[in-house]
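**Q** This structure is in structure tokens; I'll ask about it shortly.
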């Protein structure tokens, strides 16, 4: 369960299985590429950023988002057909949330796109549950003393996304402009906006 | 399905090291935590990973742990999603142990806060 699966047995098995399926005429390589491309085209941190911008500008949506993330993001057309449950955790003046998958690399891919390589590294996975403040400081996140830090370890079928705090001085900005401020790392909790 | 562990229940995770796949990370074994809320039922991965198709469906709970219970130090929380059979109710007497009271106080604060905010 390390971060690099390139030479893993499972990768060889998948390649062999794909070859067999192609040889038997059950699926073509082009079709597999097409499905993967379509999936990735719909998966980007811009999705998560749009969800955050909507929550920042629509209190009722924010309430629904925090109560039932899956249903709320489906209103915006995300996570259709997914069996996973989305839970959005809100950063406030006194709380900071950060997500991880210590067992492997679970990640809200549909809302954040493919995960960064550091998210899958053993260093991040093992350290952030143990010393989140030190890890966050290395990402440049300095939290005021007394901030309650919660680390969400995605050990089952729920996926987590952080709702960052809306920055000061953004009162006049449009939803689209606000979405432009939200970074992938802010959605993971390793950055603030 | 009635949940065996309502929110606020103090639980303890199993302590053994199974010879098969499990989703209870080693660092959280034999540890005390508090149920935040149910996450929805799913097949038990310890069985379903064998591919035999007869895995029981169990409730999964978000369980919050204090860093000092997991690592002996730290002031943060870690929340894990754990299948019901990974947990047992923690009935330990801990009148001399301030930890449980701290956990309950924190949880009451959290629940109070979330009720307002959500």
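**Q** How many residues are in contact (Cβ under 8 Å) with a residue 60 or more places away in the chain, under 26 Å from residue A:39 (Cβ atoms) and surrounded by 20 or more Cβ atoms within 10 Å (Cβ to Cβ) if we restrict to region A:58-85?
**A** 3
**Q** Could you check, for region B:42-59, whether at least one of its residues is within 10 Å of the chain's Cα centre (by Cα) and within 14 Å of chain A (Cβ to nearest Cβ)?
**A** Scanning region B:42-59, I find no residue that is within 10 Å of the chain's Cα centre (by Cα) and within 14 Å of chain A (Cβ to nearest Cβ), so the answer is no.
**Q** Take residue A:176 and tell me if it is surrounded by fewer than 19 Cβ atoms within 10 Å (Cβ to Cβ) and touching a residue at least 40 places away in the same chain (Cβ under 8 Å). Let's see the steps before the verdict.
**A** Numbers: surrounded by fewer than 19 Cβ atoms within 10 Å (Cβ to Cβ): yes; touching a residue at least 40 places away in the same chain (Cβ under 8 Å): yes.
Spelling it out, residue A:176 is indeed surrounded by fewer than 19 Cβ atoms within 10 Å (Cβ to Cβ) and touching a residue at least 40 places away in the same chain (Cβ under 8 Å).
**Q** Tally time: how many residues in region B:73-87 are outside any loop (DSSP other than H, G, I, E, B) and within 22 Å of residue A:150 (Cβ to Cβ)? Step through it out loud before you land on a result.
**A** The first filter runs over region B:73-87 and keeps only residues outside any loop (DSSP other than H, G, I, E, B), leaving B:77-87.
Now restrict to residues that are within 22 Å of residue A:150 (Cβ to Cβ): B:77-83, B:86-87.
Residues in region B:73-87 being outside any loop (DSSP other than H, G, I, E, B) and within 22 Å of residue A:150 (Cβ to Cβ): 9 in total.
**Q** Further question: Checking the condition assigned by TED's automatic domain parsing to the domain that holds residue A:53, at pLDDT 95 or above and out of contact with any strand residue (DSSP E or B) (no Cβ under 7 Å at 6 or more places or on another chain), which residue from A:100, A:128, A:162, A:135 passes?
**A** Answer to the selection: A:135.
**Q** Which ranges mark the helices (runs of 4 or more DSSP H) fully within region A:79-173 that have 1 or more residues being within 13 Å of another protein chain (Cβ to nearest Cβ)?
**A** So the answer is A:122-128, A:132-138.
**Q** Among the candidates A:93, A:55, single out the residue that is exposed (fewer than 13 other Cβ atoms within 10 Å of the Cβ) and in the same structural domain as residue A:174 (by TED's automatic domain parsing).
**A** Exactly one residue qualifies, and that residue is A:93.
The values are calculated or read from the model by the stated rules, or taken from the named source; none is laboratory data. Here the structure is a predicted model, which is why all the values come from computation and not from measurement. Every residue, glycine among them, receives a Cβ derived from its backbone with ideal geometry; neighbour counts consider all protein chains shown.
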